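Written out below as structure tokens is the structure these notes cover.
The values are calculated or read from the model by the stated rules, or taken from the named source; none is laboratory data. Quantities reported herein were computed from a predicted structural model and do not represent experimental measurements. In this analysis, Cβ positions are derived from the backbone assuming ideal geometry, glycine residues included, and neighbour counts consider all displayed protein chains. Ligands, DNA and RNA are excluded from the accessible area calculation, which covers all protein heavy atoms including side chains. Shrake-Rupley method; radii C 1.70, N 1.55, O 1.52, S 1.80 Å.
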Amino acid sequence: IFLEVLESLGEMPLPPYIHEKLKDRERYQTVYAKENGSAAAPTAGLHFTNEILHAIDERGIEREELTLHVGAGTFKPVKSEEINQHEMHTEYIVVHRHTLVNLLKYGCNAIAVGTTSVRTLESLYYIGVKLEQNPDASEDELHVNQWEPYEQSHDGDLVKDITVERALQNIVNWLDKSDVKVLHGSTQIIIAPGYKYKIVKMLITNFHQPQSTLLLLVSAFVNGDWKCIYDYALTHDFRFLSYGDSSLLIP
């Protein structure tokens, strides 16, 4: 009932660079959206129509769906001189057991559609590391802190000894032990230059605005060469931001 009230009286939250109300709400939604709760659409997914998804399936390319409930903080610009002064918001993630099994089947390599998928997939590794340390962790403890990937990389041998395969298997084992089929967790992970990607090998994403954590994520993915990519986009009249053009980034 409350959701019906929100639909009737509420307004869809939009990025600050969209100044007009949406005339067609369906345009700001992916065709594969299923769950309520996100404050923004994963706009890289807007490029995927049912026809494109069918063509992908026809080619035998396996697809998996996961959920990250985007918070309003995703629009928060980076205003501090030092990135370590920027505070990330908590976002909730949902990943099915069969998605984890499929990742293991393909060597834990994935092509991510959108930065939200990236943050979810990369957070899985650090959740798996937590379960290595505490196999009996509660669901509430499956939270990835903002600086956890960088702190753990300097903690010595623990993270070095845990492969991505082992981390994901830890999650599968935890789900089986808990007799549940779906992982519910949360993440504040910030992906910035210096981050070492664990799972995402290719990234489909739009072109992001300056002073955003999304641009930091892209910079980390392409080893700092984002200016070359963005200069090309600017000189060839690419469209930026939510309703803009997409790109396939391969480091």
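A few remarks follow.
- Whole-percent carbon and sulfur share, accessible surface of region 173-236, 1.4 Å: 56 percent
- On a per residue basis, region 108-251 carries 47 Å² of accessible surface, using protein heavy atoms and a 1.4 Å probe.
- Relative contact order computed over region 200-247 (Cα-Cα under 8 Å; 6+ residues apart), in percent: 58 percent
- Linear extension gain, D57 paired with K181, 0.36 nm per residue minus alpha-carbon span: 42.2 nm
- Difference of contour (0.36 nm per residue) and Cα-Cα distance, K196 to A137: 18.7 nm
- The residue list I199, W174, T187 was ranked by how far each Cα lies along the charge dipole of region 171-251 toward its positive end, using unit charges on Cβ atoms, and W174 comes out on top.
- For region 152-242: rounded, prolate or oblate by the Cα gyration tensor [a/c cutoff 1.5]: prolate
- GluC sites (Glu not before Pro) lying in DSSP loop within region 85-133, provided at most 16 other Cβ fall within 10 Å: E87
- Extension gain for I111 to K79 (0.36 nm times residue separation, less C-alpha to C-alpha distance): 8.5 nm.
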